[in-house]
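Have a look at the structure below, then the notes.
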Amino acid sequence: MSQTTSIVNQLLTNVSNISLPDKFIAESILPSLKVKQTTGLIGSYGNNHLRIVNTIMGGKGKAPTYESITREGQFYKIDNHGLENLVTKSDYDNVENPFDAEQDETIGLTTVLQVGKEKAMASNLTNSDLIKQNTKLADKEKFSNYKESEPLDVFRIAQSSLKKGCGLPPNKAIMSWEVFNALSYSPKILTALGYTQARAGTLSEDELAKAMKVEKLFIATSFYNASDKGTPDSLEPIWPNDIIFYYAPDTAGKYQVSLGYYITRIGDTPRKVYKYPENNPPESNRILVTDDYGISLTNVSAAYLIKGAI
């Protein structure tokens with residue numbers, strides 16, 4: 001007769017294994033704008049001040065009258081985002097090191113909020129209906145086709161189109177890690193930078209930024225679980241295989257061109273964590289994580305989208 005013994009396996013190590021994206025870029029892409037109200041208008045000007053007009057006064061004539069400044073406003077809105085979950089007495093009692101019931105819940109809820117924010121930003125900036133200046137690469141043009149593709153020519157078109165659209169060449173660009181990895185092997189980019197094929201795969205972000213003629217290159221490494229709950233996990237990149245050239249200053253200010261702004265309240269901490277008691281079940285706590293922000297694309301002419309880069 002055999003005897004079955006139940007063994008409680010307590011994890012007493014100081015390490016743990018969890019899939020967490022190592023870098024979210026949604027809050028860094030656009031200049032941060034602090035506002036008083038949760039809704040309002042971002043001031044913008046027309047381009048009448050850039051026209052060639054008659055300025056000759058002549059003799060005793062008066063200076064011509066000309067309306068050089070036209071003003072309008074772009075609507076913005078700060079939305080309240082939040083998620084919560086219950087931590088029960090059982091969770092507190094049964095969680096052993098390296099797990100921590102409250103900390104784990106906070107990390108989990110915060111990550112879900114960040115993944116959602118990143119996905120929203122990526123969806124907006126890779127939407128060809130929204131970013132009107134764009135191109136979609138045919139299969140033979142994709143940058144992973146090293147023999148036939150001409151990435152530098154496509155970059156030049158993007159730069160020229162953006163300069164024509166907003167008056168300034170791009171100073172920043174965004175691409176997924178997958179696109180960056182493919183471009184780091186491009187023989188034509190290596191040659192343009194004065195390198196040999198022996199350096200394939202080793203290009204740094206700064207080197208690729210130099211080839212693209214931008215000051216800052218954002219490499220998106222974040223990912224999400226694309227599977228339905230209850231089905232096998234499927235970790236996919238949040239940012240698709242596209243490239244976005246754009247112009248945006250590092251800080252928000254008057255009289256500037258910018259693709260848009262990342263908006264939060266003045267004097268407020270956008271992301272907060274709350275804990276409050278729950279009586280049913282007894283000795284439980286609710287963990288609530290909130291994140292209040294707005295994303296406003298105020299000048300889509302300051303962006304150029306390359307769809308299907310690889």
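Can we say Pro232 is in a loop (DSSP other than H, G, I, E, B) and either surrounded by 10 or more Cβ atoms within 10 Å (Cβ to Cβ) or in contact (Cβ under 8 Å) with a residue 40 or more places away in the chain (or both)?
Against the criterion (in a loop (DSSP other than H, G, I, E, B) and either surrounded by 10 or more Cβ atoms within 10 Å (Cβ to Cβ) or in contact (Cβ under 8 Å) with a residue 40 or more places away in the chain (or both)), Pro232 does not qualify.
Report, by residue number, each residue of the stretch 128-141 that is closer than 27 Å to Tyr224 by Cβ, touching a residue at least 40 places away in the same chain (Cβ under 8 Å) and surrounded by fewer than 19 Cβ atoms within 10 Å (Cβ to Cβ).
Of everything in the stretch 128-141, those that are closer than 27 Å to Tyr224 by Cβ, touching a residue at least 40 places away in the same chain (Cβ under 8 Å) and surrounded by fewer than 19 Cβ atoms within 10 Å (Cβ to Cβ) turn out to be Ser128, Leu130, Thr135, Lys136.
Tell me, please, whether a residue that is closer than 30 Å to Glu102 by Cα, of a type outside the set (A, V, I, L, M), modelled with pLDDT of 90 or more and surrounded by 17 or more Cβ atoms within 10 Å (Cβ to Cβ) can be found in the stretch 295-305.
No.
Taking the residues in the stretch 49-80 that are modelled with pLDDT of 75 or more and not in a loop (DSSP other than H, G, I, E, B) as candidates, determine which candidate is surrounded by the most Cβ atoms within 10 Å (Cβ to Cβ).
Checking each candidate, the answer is Tyr76.
Looking only at the stretch 59-105, count every residue that is β-branched (Val, Ile, Thr) and either closer than 15 Å to Ser284 by Cβ or within 22 Å of the chain's Cα centre (by Cα) (or both) and tell me the total. Spell out how you get there, then give the answer.
Residues of the stretch 59-105 β-branched (Val, Ile, Thr): 65, 69-70, 78, 87-88, 95.
With either closer than 15 Å to Ser284 by Cβ or within 22 Å of the chain's Cα centre (by Cα) (or both) added as a condition, the list becomes 78, 87-88, 95.
Total meeting the criteria: 4.
What number of residues within the stretch 152-192 satisfy the criterion of being in a helix (DSSP H, G or I) and either within 30 Å of Thr251 (Cα to Cα) or aliphatic (A, V, I, L, M) (or both)?
Here the count works out to 24.
Quick one: how many residues across the stretch 160-213 are polar (S, T, N, Q), under 16 Å from Ala302 (Cβ atoms) and within 20 Å of the chain's Cα centre (by Cα)?
1
Taking the stretch 202-229, which residues are free of Cβ contacts under 8 Å to residues at least 24 places away in the same chain, surrounded by 14 or more Cβ atoms within 10 Å (Cβ to Cβ) and charged (D, E, K, R)?
Across the stretch 202-229, the qualifying residues are Glu207, Lys210.
If you go through the stretch 233-241 one residue at a time, do you hit one that is in contact with a Pro (Cβ under 8 Å, 6 or more places away or on another chain) and of a type in the set (Asp, Glu)?
Checked against the condition, which is being in contact with a Pro (Cβ under 8 Å, 6 or more places away or on another chain) and of a type in the set (Asp, Glu), the stretch 233-241 yields no hits at all.
Quick check, is Lys36 at pLDDT 80 or above and surrounded by fewer than 10 Cβ atoms within 10 Å (Cβ to Cβ)?
Against the criterion (at pLDDT 80 or above and surrounded by fewer than 10 Cβ atoms within 10 Å (Cβ to Cβ)), Lys36 qualifies.
The values are calculated or read from the model by the stated rules, or taken from the named source; none is laboratory data. These figures come from a predicted structure and were not determined experimentally. Reconstructed Cβ throughout: ideal geometry from the backbone, glycine too, with neighbour counts over all protein chains shown.
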